[in-house]
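Below you'll find the structure, written out as structure tokens, and then a few comments.
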Amino acid sequence: MRRAITGLACVVLSTGIVAMATQPVKIDFEKDEVGKAPRAFSFALTGQGKAGLWVVQKDDAAHGNVVVQTDSDRTDYRFPLAIYNEFSAKDVDLSVQFKAISGKGDQGAGLVWRYRDQNNYYITRCNALEDNCTIYHVVNGRRVAFQNKNVKVPTNMWHTLKVVAAGDHFLVTYDGNTVLDAKDSTFADAGKVGLWTKADSVMAFDDLTIVGR
């Protein structure tokens, strides 16, 4: 079994209570049914266009089940979200593995934290067409970048994106290398965490790992 749940996180999932996880919660989708949306997630959309379609699929032997945002609507200001229901915190360590599969307009994959609703949250993302990683706040549906760095993000390869959020300080690493070190005080309260894509990005995700601070 690849889904590792320990400590308080076990209480969170067995009771359905949204709480901080003091030990890592690793969501690997192995117990989710292929062809359906992953359990324990809710889905939302920032912007316009079609809602995202998040489907569990089989990948290679190393990854097994993964979740893929499969809808390729090319609306530019379109940000499908998959929000994890069973966790909320202000300070958090988040990581995920992602793979850019396709997208003519965008190939962006991101992590969301301090999520209030579909129009208010933090996001860091890497883009395989633009070859960069960026951190944003989204306020009332308006996405504003506050740091960016050019990095190579090859398509059809697995990568690891991680953010450590502590107060107003955010440290982002990509494939083990620090790419963003930024401060912002837009959202100071606890919120949920999740996954993000943009426009026609078809992206795969695996091993979402969450540690509350």
Restricting segment 42-55 to residues that are in a loop (DSSP other than H, G, I, E, B) and under 18 Å from the mean Cα position of the chain (by Cα), the one farthest from TYR121 (Cα to Cα) turns out to be LEU53
Give the residues of segment 138-152 that are open to solvent by 30 Å² or more (accessible area, probe 1.4 Å) and either in contact with a strand residue (DSSP E or B) (Cβ under 8 Å, 6 or more places away or on another chain) or within 17 Å of PHE205 (Cα to Cα) (or both), sorted by residue number. VAL139, ASN140, ARG143, VAL144, ALA145, PHE146, GLN147, ASN148, LYS149, ASN150
Report, by residue number, each residue of segment 56-76 that is surrounded by fewer than 18 Cβ atoms within 10 Å (Cβ to Cβ) and not in a loop (DSSP other than H, G, I, E, B). GLN57, LYS58
Going by what's in this entry, would LYS36 be described as touching a residue at least 24 places away in the same chain (Cβ under 8 Å), open to solvent by 40 Å² or more (accessible area, probe 1.4 Å), in a loop (DSSP other than H, G, I, E, B) and not aliphatic (A, V, I, L, M)? no
Looking at (1) acidic (Asp, Glu); (2) open to solvent by less than 10 Å² (accessible area, probe 1.4 Å); (3) under 18 Å from GLY47 (Cα atoms), which one does ASP206 not meet, given that it meets all the others? (3)
Looking only at strands (runs of 3 or more DSSP E) that lie completely in segment 123-213, which have at least 3 residues being within 22 Å of VAL55 (Cβ to Cβ)? 158-166, 191-197, 202-212
Sort out which residues of segment 84-107 are part of a strand (DSSP E or B), farther than 12 Å from PHE205 by Cβ and either among the hydroxyl-bearing types (Ser, Thr, Tyr) or out of contact with any Leu (no Cβ under 8 Å at 6 or more places or on another chain) (or both), and write them in order of number. ASN85, PHE87, SER88, ALA89, VAL92, ASP93, SER102
Look at LYS198 and say whether it is modelled with pLDDT of 95 or more, charged (D, E, K, R) and open to solvent by 60 Å² or more (accessible area, probe 1.4 Å). no
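This table checks each residue for (1) open to solvent by less than 60 Å² (accessible area, probe 1.4 Å); (2) under 14 Å from the mean Cα position of the chain (by Cα).
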residue: PRO154; (1), (2): yes, no
residue: ALA188; (1), (2): yes, no
residue: ILE210; (1), (2): yes, yes
residue: ARG213; (1), (2): no, no
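The values are calculated or read from the model by the stated rules, or taken from the named source; none is laboratory data. Keep in mind the model is a prediction, meaning the values are calculated, not measured. Virtual Cβ from ideal backbone geometry, glycine too; neighbours counted across all protein chains shown. The area values use the complete protein model at the heavy-atom level, side chains included, leaving out ligands, DNA and RNA. Shrake-Rupley method; radii C 1.70, N 1.55, O 1.52, S 1.80 Å.
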